[in-house]
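Reviewing the structure listed below.
The values are calculated or read from the model by the stated rules, or taken from the named source; none is laboratory data. Computed from a prediction, not measured in an experiment: that's the story for all the values here. Here the Cβ positions follow ideal geometry from the backbone for every residue, glycine too, while neighbour counts run over all protein chains shown.
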Amino acid sequence: MANKKGTALMMVWVDVPADKEAEFNKWYNEEHMAELMSVPGILNAARYEAVSSGPKHLACYEIESTAVFETDAFKNRPVTPWAKRAGVSAVGTGRIANRYEMIYPEALTPEIAQSDMAPALQIGRMDIGPADEDEWNRWYSGVYVPNYMKVPGCIRARRWKVVLGEPKYGVVYEFEHEKVSESPEWLAQREIHPDNERMRLAMTHAPGSPGIWKKTFQL
């Protein structure tokens with residue numbers, strides 16, 4: 001079975017004026033996503049809309065590895081005439097385009113690699129000061145994420161380090177539905193470990209982080 005997930009990720013967020021959304025969605029669903037998916041090493045993709053936080057529109061691309069970002073096929077892929085049109089390519093505001101390499105888990109298992117795009121995502125984007133970085137990373141990967149992964153409805157979580165964009169770190173929880181983090185079981189994990197409060201206070205979230213997005217389109 002072909003892999004659907006890799007060790008790199010590209011996420012693009014954007015807000016679109018209401019009067020441009022229909023055209024934007026048509027372009028993205030019928031042209032732009034297929035254009036990107038034709039690049040060797042781009043394994044899977046889906047579009048999401050914000051349930052909480054924003055920007056509203058999110059496109060999430062699973063990439064075989066960060067080496068794909070350096071290929072000619074990725075860097076010099078043709079831009080179609082529709083994408084060049086004013087009002088389509090330039091319609092978005094507040095655009096965020098980040099590329100990441102996976103840092104947790106340390107390697108893909110076959111179960112992860114062959115899994116599809118999740119129905120909903122909770123995404124955190126954060127920075128941490130250098131004095132706390134090593135301890136914070138051990139806690140995040142060794143305590144915080146594993147506890148949340150026990151919650152019913154949480155499919156899995158992966159952590160990411162940015163290779164293009166900001167802030168430096170990201171976490172993506174894959175959910176069965178967009179209400180998982182409202183459950184008592186999820187909320188109970190917040191204070192379940194004595195280091196949680198101290199480590200949370202050490203990090204700085206980007207505006208709008210964490211947020212939840214629900215899947216709206218997949219090729």
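Data table
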quantity: Tally, over the stretch 52-68, of residues that are surrounded by 17 or more Cβ atoms within 10 Å (Cβ to Cβ) and not in a loop (DSSP other than H, G, I, E, B); calculated: 9
quantity: Residue list for the stretch 139-167, restricted to those being in contact with a strand residue (DSSP E or B) (Cβ under 6 Å, 6 or more places away or on another chain) and of a type in the set (A, V, I, L, M); calculated: VAL145, MET149, ILE155, ALA157, VAL162, VAL163, LEU164
quantity: Test: residue in the stretch 14-27 that is within 15 Å of GLN218 (Cβ to Cβ) and at pLDDT 95 or above; calculated: no
quantity: Scan of the stretch 4-47 for residues that are more than 29 Å from ARG159 (Cβ to Cβ), in a loop (DSSP other than H, G, I, E, B) and either free of Cβ contacts under 8 Å to residues at least 12 places away in the same chain or among the charged types (D, E, K, R) (or both), ordered by number; calculated: none
quantity: Identity of the residue in the stretch 125-155, touching a Pro at 6+ places or on another chain (Cβ under 7 Å) and surrounded by fewer than 20 Cβ atoms within 10 Å (Cβ to Cβ), that ends up nearest to PHE217 (Cα to Cα); calculated: MET126
quantity: Failed item in (1) under 19 Å from PRO55 (Cβ atoms); (2) part of a loop (DSSP other than H, G, I, E, B), with VAL172 passing the rest; calculated: (2)
quantity: Output for the stretch 123-137, where each listed residue is in contact (Cβ under 8 Å) with a residue 24 or more places away in the chain and part of a loop (DSSP other than H, G, I, E, B); calculated: GLY129, ASP132
quantity: Residue within the stretch 155-168 that is more than 15 Å from the chain's Cα centre (by Cα), part of a strand (DSSP E or B) and at pLDDT 95 or above present; calculated: no
quantity: Residue list for the stretch 5-38, restricted to those being touching a Leu at 6+ places or on another chain (Cβ under 8 Å) and loosely packed, with under 15 Cβ neighbours inside 10 Å; calculated: ALA34, MET37
